[in-house]
Each structure stands twice: as C-alpha cells, then as structure tokens.
Amino acid sequence: MENRLFVVIPCYNEEEVLPETSRRISEKMRTLISAGKIAENSRVVLVNDGSRDKTWEIIRELHERDSLFSGVNLSRNRGHQNALLAGLMSVKDLADMTISMDADLQDDIDAIDEMVDCYLEGCDVVYGVRSSREKDSFFKRFTAESFYKLIRGMGGEVVFNHADYRLLSRRALLALSEFGETNLFLRGIIPMLGFKTDIVTYERGERFAGESKYPLKKMLAFAIEGITSLSAKPMRLIFTLGVLMLLAAFIILVAAFVRILTGAATGFVWISFSIWAVGGLILTSLGVVGEYVGKIYLETKKRPRFIVESFLHRD
Ligand code: UDP
Ligand code: MG
C-alpha cells in the first residue's frame with residue numbers, strides 16, 4: 001500500500017457547484033498522481049447528504065464517467081458533520097490518508113499539495129487554517145470568532161479558524177472511529193486524538209455558487225452542540241455561582257454583627273442574609289449534583305481511554 005488519498009466532500013444541494021468542483025479536484029488529483037505524491041488509485045468521495053436537487057444524479061454521472069469519483073448516498077439529510085463522518089468511515093479501511101473539504105470551493109484546493117507534503121513528512125493530522133476572514137461578512141466573522149472563543153472558554157480544545165478542511169492519516173482515522181459518541185463534534189474531537197500534527201494556512205475564498213447551507217439557526221445549533229458535546233463545564237459554573245452567593249451571605253452576616261455592635265436595627269439584615277444563604281446553598285448543591293451528572297455524561301460517551309501510536313516489540 002502506498003499513499004492512497006481519499007478526498008471526502010459532503011454535498012447538500014450543491015448541483016450548482018459540483019461540475020466546477022469536480023473539474024478542479026480531478027485536475028488537482030491528476031497532477032498529484034503524476035508527481036508521484038499519491039497513489040494512482042486515489043479517489044474523490046462525494047457524499048450526498050439527502051439533497052433535494054440533482055446532486056446525487058450528478059455524482060452518479062461523475063462516477064460512471066470517471067473511476068476517480070466515488071459516491072456515498074445518505075438516506076436523508078443528516079447535517080454536514082454526519083455526512084463527513086459517513087464519507088470518512090466508508091473509506092477508513094481503504095485510505096492511507098483522507099482530506100475532508102467543502103463542496104463550494106471555499107477551501108483552497110491548492111492547500112492539498114502542502115497537506116500531502118506534511119503527511120509524507122510523517123504527520124498524521126494536518127489542519128487547514130484560514131489566514132484571514134476578510135472575505136466574510138462582518139456578521140459571519142464576528143459570530144464565528146466568538147464561537148471559537150466561547151468553546152475554548154468552556155474547556156473545549158479547538159484550533160482557531162480551522163473548519164473541517166483537514167488531512168487525517170489512516171492511523172488517525174482508525175483512532176477517530178473508536179469514539180462511539182453520537183453527538184460528534186469533529187473539530188473538538190480531532191485534537192483529542194494526539195499524533196504528530198501540523199498546520200497549513202490558506203486563503204478562504206467566497207462560495208463559488210449557490211448560497212450557504214448554514215443559516216444562523218443551524219450555526220447556533222452547531223455552537224450549542226459543540227459546547228455541550230465537549231464539556232460539562234457549564235454545570236461547573238452553577239457551583240461557582242453558588243459559592244459567590246454564599247460569599248455575599250457571609251458579607252451580609254458581617255454587616256449584621258457590625259450593626260449589633262453599633263446598636264442599629266438588624267431585623268431586615270437577617271432576612272436578606274437568609275435569602276442569600278439559602279440561595280447559595282441550593283446552587284452549590286445543584287453544582288454538586290451537576291458534577292456527577294457531568295461524569296455520567298462523559299462516561300456514556302465511552303471515549304477511548306488512550307490511543308497507542310506505536311508499539312515496539314520483538315518475540
Ligand atoms: N452540507 C452538508 N449537509 C448540510 C449542510 C451543508 O453536507 O446539511 C455541506 C455543504 O454541501 C458544503 C459544506 O457542508 O459542502 C459546508 O456548507 P456551507 O458551504 O453551506 O457552509 P458555510 O461555508 O457557509 O459555513
Ligand atoms: Mg461554504
């Protein structure tokens with residue numbers, strides 16, 4: 001086996017861009033093959049994510065015309081992450097390396113060369129990182145950057161400005177397949193894999209044709225999914241909040257004693273003390289329960305406890 005590359009592209013209602021995308025990617029693959037960097041039986045896997053337009057017809061046609069193209073047809077729309085995973089898992093036993101990219105040519109195809117070079121130098125994971133967001137609207141840029149910051153703040157490990165344009169070696173892919181969780185947030189899971197990694201920067205262009213399949217509603221759902229699937233930290237915040245309330249109660253208590261010493265009235269102070277103290281106790285208790293719920297949550301994901309990179313052994 002030698003350097004067989006599979007490029008996996010999820011497609012949802014992409015009839016407008018597929019002809020151009022397939023033309024450019026096949027050109028790129030042929031150049032790489034003739035340069036001897038990837039094997040001749042490398043493939044481009046187009047995953048149809050339950051499109052309602054002619055996407056699947058186009059994929060079928062491409063496959064019939066040219067064996068470079070393979071197709072995976074999902075039974076219905078399952079979203080970008082699942083479509084991508086479906087493609088990756090379909091080829092995990094065939095590929096030496098995979099590259100995932102979008103169908104709309106926003107991910108610069110020329111970055112593939114550098115990714116493959118990194119792989120040939122021994123990297124298992126290569127992230128495509130966009131150099132700037134100048135071509136995005138202010139709104140998209142703001143929401144996207146806040147999203148990365150929020151996830152990081154919540155304890156998720158994500159690579160800044162990296163979407164799902166990345167190379168994975170077979171080893172990394174097999175490790176990924178050990179993650180049994182259903183709420184799979186790829187960008188957060190890949191850094192957990194470890195292995196030798198590198199970064200390739202590229203200029204992210206505008207969508208070649210058609211419109212974004214990620215409206216605000218899907219983006220928000222994606223962000224919430226990202227945070228809740230990675231960490232149980234939001235629950236820990238409850239505990240912190242409870243401790244702060246107890247602290248406030250303590251300050252009120254001190255104020256009450258000062259008033260006793262100065263002979264001032266203390267009736268209302270005791271009432272506000274009990275409100276803050278009881279509130280704080282309830283929140284800290286909730287936080288303790290949350291800690292256990294969080295543990296159960298992470299346990300149910302049955303993530304691999306370790307991933308062996310190499311095993312030296314002589315009989
Ligand atoms: N996509 C998908 N299923 C969906 C939505 C999107 O497979 O439900 C694919 C889409 O065809 C494209 C990629 O995911 O190849 C990224 O989508 P898009 O370009 O619309 O997102 P944006 O670049 O606007 O964030
Ligand atoms: Mg796009």
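Taking residues in segment 257-286 that are under 27 Å from residue 239 (Cα atoms), and partners anywhere that are open to solvent by less than 100 Å² (accessible area, probe 1.4 Å) and among the charged types (D, E, K, R), the pairs with Cβ atoms closer than 7 Å and at least 6 places apart or on different chains are 269/259. Scanning segment 62-76 finds one or more residues that are near ligand 1 (Cβ under 9 Å from one of its atoms) and either at pLDDT 95 or above or more than 27 Å from residue 35 (Cβ to Cβ) (or both). The residue of segment 86-104 that is farthest from residue 183 (Cα to Cα), among those that are more than 11 Å from ligand 1 (Cβ to nearest atom) and either charged (D, E, K, R) or assigned to a helix (DSSP H, G or I) (or both), is 96. Would you confirm whether any residue within segment 10-20 is part of a loop (DSSP other than H, G, I, E, B) and within 21 Å of the chain's Cα centre (by Cα)? Scanning segment 10-20, I find at least one residue that is part of a loop (DSSP other than H, G, I, E, B) and within 21 Å of the chain's Cα centre (by Cα), so the answer is yes.
Regarding segment 168-180, can at least one residue be identified that is within 16 Å of ligand 2 (Cβ to nearest atom), touching a helix residue (DSSP H, G or I) at 6+ places or on another chain (Cβ under 7 Å), over 30 Å from residue 235 (Cα atoms) and in a strand (DSSP E or B)? No - not one qualifying residue is present in segment 168-180.
Considering (1) part of a helix (DSSP H, G or I); (2) under 12 Å from residue 6 (Cα atoms), the lone condition that residue 64 does not fulfil carries the number (2).
Per the listing 261, 230, 241, the residue uniquely within 20 Å of the chain's Cα centre (by Cα) and either surrounded by 13 or more Cβ atoms within 10 Å (Cβ to Cβ) or away from ligand 2 (no atom under 16 Å from the Cβ) (or both) is 230. Among the candidates 208, 185, the residue that is of a type outside the set (Lys, Arg), within 16 Å of ligand 1 (Cβ to nearest atom) and open to solvent by 50 Å² or more (accessible area, probe 1.4 Å) is uniquely 208.
The values are calculated or read from the model by the stated rules, or taken from the named source; none is laboratory data. All values reported here derive from a predicted model rather than from experimental measurement. All Cβ positions, glycine included, derive from the backbone under ideal geometry; neighbour counts span all protein chains shown. The area values use the complete protein model at the heavy-atom level, side chains included, leaving out ligands, DNA and RNA. Shrake-Rupley method; radii C 1.70, N 1.55, O 1.52, S 1.80 Å.
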